[in-house]
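See below for the structure under consideration.
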Amino acid sequence: MKKWTYAAAAIAIGGVVAAGAAAVSAEDKPMLTIDGETFTTHVKVPDDHPLAPEVISGWEYRTRETQALELDDFQNPAFLAVEQGEELWSAVDGSEGKSCESCHGDAAESMKGVRANMPRWNEAANKPWTLEEHINSCRKDRMGAEPWKWESSEMLGMTAYVGLQSRGMPMTVQTDGPMASWIEKGKELYYTRVGQLDMACANCHVDNYGKYIRADLLSQGNINGFPTYRLKWQGVGSLHRRFKGCMDQVRAKPYKRGSDEFVALEAYLASRGAGLSVETPAVRN
Amino acid sequence: MKSLRSRYIRSALAAAGIGLFAGIALADEAPKYDVVDGGIPASLTGVAGNPENGKAAMLNRKGGNCLSCHAISALSDQPFHGEVGPTLDGAADRWSEAQLRLIVANSKAVFEDTIMPAFYRTEGLHRVADKFADKTILSAQEVEDVVAYLLTMKE
């Protein structure tokens, strides 16, 4: 319940900052609204859900200043990456003389909803593919171009741009069929203690969300905003970079970006956070 | 208003990149001790703990970093006391020296499934980063020092 105290405190500050404006009451909790579209940051879930009663977006745990950066695309620093992605979308590259646009046309149509159901089962590879893997498979197999490195500015720009086309849509990863065992494996990893500090993801993000751990207000660790602009990174970073950072914090040997373990974690967190709006590219601190 | 301000300071520092638990642990000998009646009665080193050093070890973000989870009124000059664990005010009224030594050395032996790290333990851990492998978070003497400081926490 502590978290609501913080929310209330932050609202009070909002009131102070908006000096001269009408007093802000506790009912006027700011909403995540971008260009007039209001996003789902709270999803009611049944009692057997690990985050019952509600799955909550990480946006709700950030300060009003950080939140504000996400509310306005002109202020959101991640849009530099989006612009790079947009340029790359129509840039011809590789031996086949093609760009993404050559096959997919207008991204606003063809890429709508793509980010919302990642990672998605790939029959030929016999595993779930992340957005990064889909992009690189097009580059290699259809464009004859070099794959991009996971954390390269090109890949971050493209995942931000493609992800943006799903912004506002609910996260809906496939959970049945061959995805089920990956989600189960991700869940197992999520509850496994690692590192010299001997902590599991769930110790922080399930047992203690809404509480401060030193200077950081713990969220539920949801993934609906990735790739995300992080103030601490002074740039945009991938979801798997965030996973690595959390493992580094507890002095664990992190898994590699794109590893089966991180893909399984991603699949689990996508299913756990179902219903939250895609916020790509979000802003966090 | 105090708590309102601190929320902003916290985030500013977090943005400046001051993370949790970053850095290198300095620890030496392999953990060995006897647990008796839910505590470790004997000193780990035979050298009396120094409470001032203990306070420093508790504050050190690369060491105990206890404030990341615990609030301590006696250290209210320090910023950012965490909320994950209970306040340590009055800890010495609730626990004996032997119990405190076990709580710090291996919290899991006292609080089942706790998030609190075991500060003087190397076995039973998984995927420890290479540079921390087989090292304890605190040295035996640091544990003694921390216990000496905790023993001053009376209300």
**Prompt:** Name the pairs: first residue in segment A:62-77 and within 11 Å of another protein chain (Cβ to nearest Cβ) and among the β-branched types (Val, Ile, Thr), second residue buried (at least 17 other Cβ atoms within 10 Å of the Cβ) and part of a helix (DSSP H, G or I), Cβ to Cβ under 9 Å, at least 6 apart or on different chains?
**Reply:** A:Thr63/A:Ala10; A:Thr63/A:Ile13; A:Thr63/B:Arg7; A:Thr63/B:Arg10; A:Thr63/B:Ser11; A:Thr66/A:Trp59; A:Thr66/B:Ser11; A:Thr66/B:Ala15
**Request:** Please verify whether segment B:46-58 includes one or more residues that are modelled with pLDDT of 95 or more, more than 16 Å from the chain's Cα centre (by Cα) and of a type in the set (Val, Ile, Thr).
**Result:** yes
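Here's the yes/no breakdown for (1) buried (at least 20 other Cβ atoms within 10 Å of the Cβ); (2) in the same structural domain as A:Ser152 (by TED's automatic domain parsing); (3) more than 13 Å from A:Leu164 (Cβ to Cβ):
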position	(1), (2), (3)
A:Cys100	yes, yes, yes
A:Ala108	no, yes, no
A:Met111	yes, yes, no
A:Met118	yes, yes, yes
A:Ala124	no, yes, yes
**Request:** Test A:Val162 against the criterion of being touching a residue at least 12 places away in the same chain (Cβ under 8 Å), crowded, with 21+ Cβ neighbours inside 10 Å and not in a helix (DSSP H, G or I), and give yes or no.
**Result:** no
**Complete:** Here the residues within segment A:241-253 that are more than 9 Å from chain B (Cβ to nearest Cβ) and touching a Gly at 6+ places or on another chain (Cβ under 9 Å) are A:Arg242, A:Cys246
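Can you find even one residue in segment A:40-47 that is modelled with pLDDT of 95 or more, assigned by TED's automatic domain parsing to the domain that holds A:Ala215 and hydroxyl-bearing (Ser, Thr, Tyr)?
At the first step, the residues of segment A:40-47 found to be modelled with pLDDT of 95 or more are A:40-47.
The next check asks that each one be assigned by TED's automatic domain parsing to the domain that holds A:Ala215; those that pass are A:40-47.
This time we only want the ones that are hydroxyl-bearing (Ser, Thr, Tyr), so: A:40-41.
Yes: one or more hits.
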**Fill in**
Counting only residues that are more than 7 Å from chain B (Cβ to nearest Cβ) and part of a helix (DSSP H, G or I), segment A:194-240 contains a total of 6
**Request:** Only residues that are in contact (Cβ under 8 Å) with a residue 40 or more places away in the chain and within 11 Å of the chain's Cα centre (by Cα): list them for segment B:67-87, please.
**Result:** B:Ser68, B:Cys69
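Within the bounds of segment B:118-134, is there any residue that is part of a loop (DSSP other than H, G, I, E, B) and away from every other protein chain (no Cβ under 13 Å)? Show your work before the answer.
If we filter segment B:118-134 for residues that are part of a loop (DSSP other than H, G, I, E, B), which is where we start, we get B:118-127, B:129, B:133-134.
Then drop every residue that is not away from every other protein chain (no Cβ under 13 Å), which leaves none.
Scanning segment B:118-134 turns up no residue that is part of a loop (DSSP other than H, G, I, E, B) and away from every other protein chain (no Cβ under 13 Å).
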**Request:** Tell me which residues, restricted to segment B:124-155, are without any contact (Cβ under 8 Å) to a residue 40 or more places away in the chain and over 22 Å from B:Gly85 (Cα atoms).
**Result:** B:Gly124, B:His126, B:Arg127, B:Val128, B:Ala129, B:Asp130, B:Ala133
**Request:** Consider only pairs whose beta carbons are under 6 Å apart and that are at least six residues apart or on different chains; among these, list those whose first residue lies in segment A:34-54 and is of a type in the set (Phe, Trp, Tyr) and whose second residue is part of a strand (DSSP E or B).
**Result:** A:Phe39/A:Ser277
**Prompt:** Quick one: what pairs do we get from segment B:31-44, first residue within 9 Å of B:Ser96 (Cβ to Cβ), second among the charged types (D, E, K, R) and outside any loop (DSSP other than H, G, I, E, B), C-beta under 7 Å, 6+ apart or different chains?
**Reply:** B:Gly39/B:Arg101
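Check B:Lys135, B:Lys32, B:Lys62, B:Lys131 and return the single one that is surrounded by fewer than 17 Cβ atoms within 10 Å (Cβ to Cβ) and either closer than 18 Å to B:Glu155 by Cβ or within 17 Å of the chain's Cα centre (by Cα) (or both).
Numbers: B:Lys135 fails: surrounded by fewer than 17 Cβ atoms within 10 Å (Cβ to Cβ); B:Lys32 fails: either closer than 18 Å to B:Glu155 by Cβ or within 17 Å of the chain's Cα centre (by Cα) (or both); B:Lys131 fails: either closer than 18 Å to B:Glu155 by Cβ or within 17 Å of the chain's Cα centre (by Cα) (or both).
When all the criteria are applied, what remains is B:Lys62.
The values are calculated or read from the model by the stated rules, or taken from the named source; none is laboratory data. These numbers come from a predicted model, not from an experiment. Please note: Cβ atoms are built from the backbone with ideal geometry, for glycine as well, and neighbour counts cover all protein chains shown.
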